[in-house]
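Reading through the structure tokens given below for one structure.
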Protein chains: 2
Amino acid sequence: MFTNALQELHALLPKHLIDTCVEIAAPKGTCLFTSGEKPTHMFFIVTGEVVLERPGLQGAPVILQRTRRGFMSEASLKSPSYHCHGQVVADSKIVRVPIRALREALDTDTAFSGRWITMLNKEVRRLRLQCERLSLTKVQARLLHLLETEGESGAYPIGAGIKSMAGELGVTHEALYRCIYAMEKDGALTRGDGFLRLSPRV
Amino acid sequence: MFTNALQELHALLPKHLIDTCVEIAAPKGTCLFTSGEKPTHMFFIVTGEVVLERPGLQGAPVILQRTRRGFMSEASLKSPSYHCHGQVVADSKIVRVPIRALREALDTDTAFSGRWITMLNKEVRRLRLQCERLSLTKVQARLLHLLETEGESGAYPIGAGIKSMAGELGVTHEALYRCIYAMEKDGALTRGDGFLRLSPRV
DNA sequence: CGTACTTTTGAATCGCATCAAATCTGGTGG
DNA sequence: CCACCAGATTTGATGCGATTCAAAAGTACG
């Protein structure tokens, strides 16, 4: 649809909101927000990678969302406080939109709120796919599901590394490495240019 | 917030939309819609239980969502076709809202679209929790997570049975039975009245 | 060159899926 | 009222696959 993430943002937001946006460079390791904090901005990822995470019940952080493009934590639009951390895991370019102006625009501009609802619908569907994926028991099944549903004709960017992918898939990085290796050996998969590519079915 | 699901619906929808709603009784086994079909209505579950499911890659159906109250498949609002099945798994009372009127109301009534966005935000958060839950590896951890996040102070309705719960948790029913039994024996859990109850920490 | 991190390989263990079967349950019809 | 059936529930045994712990090799960066 859009070759460029910024185009997408411009198509979504009304013009007067765009003027209030600030583009920031967020190096890996930056914390955009932490749990409990009051949201003042919405973050739109242009390039790079950001994860939403929560300290897990047993200690290990759980990744709730991994975003390489698009809004992060849309759900916090009307929340008085964040319920998770926003952590930058790869050098990123991010557009910051003041949340108050955004809320006002949503209240007055019906065309905009329609587009916003469309975006949320997309996110809901994406999350349902992720749930479906996580309910698969085998690593290979999850990886195939990821490549088939999120990849562009079977090509999926590795992004911030296999470890980060493993987290998103809900498996250990060792298991994912072994799975990728086995599938490469089978010829079901190739790796290169920072992409995983499904081999076309013969 | 609302003791009654219908109150919730009335608070959400504008009055003129309520008049277009039809309440239907859907016995267990009813299929509300199937994949590929064009959405003409939105379904609001008043009582009972409905699941969104998709035929899994390996055959076994995958449960994407289990709703006992509230809108089902909100994400299909603007979709030309459903991407999953809506299956009634317990005798249910359901309100059917014509999707066209709903769309028109969202386009013109900003207060309503604001409430709709709030609802979608809640759904996004719920789905993220589900992802978090499914990324836990042990059955007991998933069950605890479910009771802690979705239960009312640790009490969670079993609803349409353990098998249905097992599907939602992404585990086999045998594993869940065994887990519940073990936790009951430990005194961490009690069962009764169709509820699972977490024992208060001593 | 050293440090920190990712990637990779190895081996042991454990929990869950799987298959099988018995029991229990509610509902139906004779 | 009982026989019967379909489904849910429960228990048992087995094997696989992922986790886990450990450690080596590779890589980026100052």
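The values are calculated or read from the model by the stated rules, or taken from the named source; none is laboratory data. Everything quoted here is computed from the prediction, not taken from an experiment. No Cβ is skipped: glycine too gets one built from the backbone with ideal geometry, and neighbour counts run over all protein chains shown.
Residues of the range A:173-188 include at least one that is within 12 Å of DNA strand D (Cβ to nearest atom) and of a type in the set (Phe, Trp, Tyr). Every test in (1) out of contact with any strand residue (DSSP E or B) (no Cβ under 7 Å at 6 or more places or on another chain); (2) within 8 Å of chain B (Cβ to nearest Cβ) is passed by A:Pro80 save one, and that test is (2). The residues on offer are A:Gln140, A:Gln65, and the sole one that is closer than 23 Å to B:Leu64 by Cα and more than 20 Å from the chain's Cα centre (by Cα) is A:Gln140.
Residues are listed down the side, and each one gets a yes or a no for (1) surrounded by 21 or more Cβ atoms within 10 Å (Cβ to Cβ); (2) in contact with a Cys (Cβ under 6 Å, 6 or more places away or on another chain); (3) assigned to a helix (DSSP H, G or I):
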residue	(1), (2), (3)
A:Leu106	yes, no, yes
A:Thr118	no, no, yes
A:Asn121	no, no, yes
A:Leu127	yes, no, yes
A:Gln140	no, yes, yes
A:Thr149	no, no, yes
A:Gly167	yes, no, yes
A:Ala182	no, no, yes
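The listed residues are A:Ile180, A:Ile158, and the only one of them that is modelled with pLDDT under 90 and within 13 Å of DNA strand C (Cβ to nearest atom) turns out to be A:Ile158.
Against the list (1) within 13 Å of chain A (Cβ to nearest Cβ); (2) farther than 26 Å from B:Ala26 by Cα; (3) surrounded by fewer than 18 Cβ atoms within 10 Å (Cβ to Cβ), the condition B:Leu134 fails is (3). Could you list, in sequence order, the residues of the range B:68-77 that are more than 12 Å from chain A (Cβ to nearest Cβ) and either within 15 Å of B:Pro27 (Cα to Cα) or buried (at least 21 other Cβ atoms within 10 Å of the Cβ) (or both)? Correct list: B:Arg68 only.
Quickly run through the range A:85-103 and pick out the residues that are modelled with pLDDT of 90 or more and among the basic types (Lys, Arg). Break it down into steps so the answer makes sense when it comes.
Our first condition is that a residue be modelled with pLDDT of 90 or more; within the range A:85-103, this holds for A:94-103.
Correct list: A:Arg96, A:Arg100, A:Arg103.
Taking the range A:1-55 as the search range and keeping residues that are modelled with pLDDT of 90 or more and hydroxyl-bearing (Ser, Thr, Tyr), which one is farthest from B:Glu132 (Cα to Cα)? Out of the qualifying residues, it is A:Thr20.
B:Lys163 fails exactly one of the following numbered conditions: (1) outside any loop (DSSP other than H, G, I, E, B); (2) under 30 Å from B:Gly29 (Cα atoms); (3) more than 9 Å from DNA strand D (Cβ to nearest atom). What is the number of that condition? (3) is the only condition that B:Lys163 fails. Here is a check on your reading of the model: is B:Arg96 assigned by TED's automatic domain parsing to the domain that holds B:Met42 and within 26 Å of A:Gly170 (Cβ to Cβ)? Here the answer is no, as B:Arg96 does not meet what is asked.
The residues on offer are A:Ile94, A:Ile99, A:Ile117, and the sole one that is more than 19 Å from the chain's Cα centre (by Cα) and away from DNA strand D (no atom under 16 Å from the Cβ) is A:Ile99. The residue pairs whose first member lies in the range A:152-173 and is on the phi > 0 side of the Ramachandran plot, whose second member is within 12 Å of DNA strand D (Cβ to nearest atom) and not in a loop (DSSP other than H, G, I, E, B), and whose beta carbons are closer than 9 Å, counting only pairs six or more residues apart or on different chains, are A:Gly159/A:Ala90; A:Gly161/A:Ala90; A:Gly161/A:His173; A:Gly170/A:Leu134; A:Gly170/A:Arg142; A:Gly170/B:Leu134.
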